1. Is it true that Leu71 is under 25 Å from Gln22 (Cα atoms), away from the ligand (no atom under 14 Å from the Cβ) and aliphatic (A, V, I, L, M)?
2. Can you tell me which residues in region 162-205 are within 16 Å of the chain's Cα centre (by Cα), closer than 19 Å to Arg236 by Cβ and not aliphatic (A, V, I, L, M)?
3. If you go through region 178-194 one residue at a time, how many are within 14 Å of the ligand (Cβ to nearest atom) and modelled with pLDDT of 95 or more?
4. What pairs can you find where one residue is in region 124-136 and under 9 Å from Trp179 (Cβ atoms) and touching a residue at least 40 places away in the same chain (Cβ under 8 Å), the other is surrounded by fewer than 15 Cβ atoms within 10 Å (Cβ to Cβ) and not β-branched (Val, Ile, Thr), and their Cβ atoms are less than 6 Å apart, with a gap of 6+ or different chains?
5. Scan region 81-96 residue by residue and report those that are in contact (Cβ under 8 Å) with a residue 24 or more places away in the chain, near the ligand (Cβ under 10 Å from one of its atoms) and of a type in the set (D, E, K, R).
6. Would you check if Asp149 is out of contact with any helix residue (DSSP H, G or I) (no Cβ under 9 Å at 6 or more places or on another chain) and within 14 Å of the ligand (Cβ to nearest atom)?
7. Considering every residue within region 26-44, establish whether at least one is of a type outside the set (S, T, N, Q) and at pLDDT below 95.
8. List every residue pair whose Cβ atoms lie under 8 Å apart, where the two residues are 6 or more positions apart in sequence or sit on different chains, the first residue falls within region 11-29 and is over 13 Å from His80 (Cβ atoms), and the second residue, located anywhere, is assigned to a helix (DSSP H, G or I) and more than 13 Å from the ligand (Cβ to nearest atom).
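The values are calculated or read from the model by the stated rules, or taken from the named source; none is laboratory data. As the structure is a prediction and not an experimental result, all values here were calculated from the model. Cβ coordinates were reconstructed from backbone atoms using ideal geometry, including for glycine residues, and neighbour counts include every protein chain displayed.
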Amino acid sequence: MDATKVLIVGGGGAIAGQLIRQYQLWSQSTGQPLELYVTSRQRPPAVHSGITWLQVDFRNPESIAAAGEELSKRATVLDHWVCCAGYLHGDFGLPEKALKSLQAAKLSGDFAVNSVGPLLMFQVCLGLLKRAPLAKAVFLSAQVGSIEDNRSGGWYGYRMSKAALNMGVRCAAIECARWRRPPAIVAVHPGTTVSGLSEPFTAHRPDAPQTAEQCAAKLFSRIQALSVEESGTFQRLDGSNIPW
Ligand SMILES: NC(=O)c1ccc[n+]([C@@H]2O[C@H](COP(=O)([O-])OP(=O)(O)OC[C@H]3O[C@@H](n4cnc5c(N)ncnc54)[C@H](OP(=O)(O)O)[C@@H]3O)[C@@H](O)[C@H]2O)c1
C-alpha cells in the first residue's frame, strides 16, 4: 500500500501539533502508511518520532528554498500540504488598534509570515504536489482576513496579511486548476482555538474557545472530505463558505 505523504508547515504551533497527532492516530488505526514531513523554526521536538523535520523561518526566504530542495531529495510526491503558520503578536509587536500604531517593519513582518511565506512554501512544493492523484492544499487563514466581514476594524497587519494570503490562495487555485490532475486548494478559518496566538485575546470571552485537539480533529476530517469542486474557496471547518 502506498504511503500518504503529508507536509505540515509550522509544526511547533498548537493546531499543527494536534494535526500531526491526528494523522498519526489515523495511520495507526487504519494501517494506512504515512510519510510525514514537518517544518518548524525550531529544532524538532523529541516527542515526535517517525517525522522528517525541516527548519523553515518565513522571515528568512532562503530557509524556504533550502527546505524545498531538501523535500525534493527526500519525497517523490505530496498528497496533503497544510500550512498552520501564522503571526498575530509576539517579539515583533502587537496587533494594531489604530492607524497611529502602524509601523513599516511590523507590517512587513506580518506579510512575511502570514502571506508571502505560505505562498513561497507552496511554490517550492509544486512539483511534488503535481504528482499526487488528488493533491490537497490547506492554508490556515482567519475570518478576520475577510474584507466583507470586517465590521470592527483594528488588527491592521493581521487582517491585511490574511486578506493578502486569501488572494494568493484564490490565484493559486485558479492557476493550478489547469494541471493534468487538478488539486483542491483552499483557505480555512480554524475558528477561535486555545493557542499561544489567541491566548491574550480569549481571556475575557464569555464562550470558551475550542481546544487545539478539537480544532485539529475537525481540520483533519475537513481535509479528508475536501474535493476539487471546493478549490478556490475560503471555508470554515464545517465546510461552509466565508465571504472573501
Ligand atoms: N488560534 C486561533 O484562535 C486562530 C484563529 C484564526 C486563525 N488562526 C490561524 O491558525 C494558524 C495556527 O495558529 P495557532 O492558533 O496554532 O497558533 P500558534 O500555536 O501560535 O502557532 C503559530 C504557528 O506559526 C508558526 N510561525 C510563527 N512565526 C513563524 C515564522 N516566522 N516562520 C514560520 N512559521 C512561523 C509557528 O511555527 P513554528 O513555531 O513551528 O516555527 C506555529 O506553527 C495560524 O495561521 C493562525 O493565524 C488561529
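1. On the way: under 25 Å from Gln22 (Cα atoms): yes; away from the ligand (no atom under 14 Å from the Cβ): yes; aliphatic (A, V, I, L, M): yes.
Spelling it out, Leu71 is indeed under 25 Å from Gln22 (Cα atoms), away from the ligand (no atom under 14 Å from the Cβ) and aliphatic (A, V, I, L, M).
2. Result: Lys162, Asn166, Arg170, His189, Pro190, Gly191, Thr192, Thr193, Ser195, Ser198.
3. Residues of region 178-194 within 14 Å of the ligand (Cβ to nearest atom): 186-194.
Filter once more, keeping what is modelled with pLDDT of 95 or more: 186-193.
Selection size over region 178-194: 8.
4. Within 6 Å, the pairs are Lys130/Trp179.
5. None - no residue of region 81-96 is in contact (Cβ under 8 Å) with a residue 24 or more places away in the chain, near the ligand (Cβ under 10 Å from one of its atoms) and of a type in the set (D, E, K, R), so the list stays empty.
6. Values: out of contact with any helix residue (DSSP H, G or I) (no Cβ under 9 Å at 6 or more places or on another chain): no; within 14 Å of the ligand (Cβ to nearest atom): yes.
Criteria not met by Asp149.
7. Here is the first cut: in region 26-44, the residues of a type outside the set (S, T, N, Q) are 26, 31, 33-38, 41, 43-44.
Narrowing the set further to residues that are at pLDDT below 95 leaves 43-44.
The answer is yes; a qualifying residue exists.
8. Cβ pairs passing all conditions: Gln18/Ala217.
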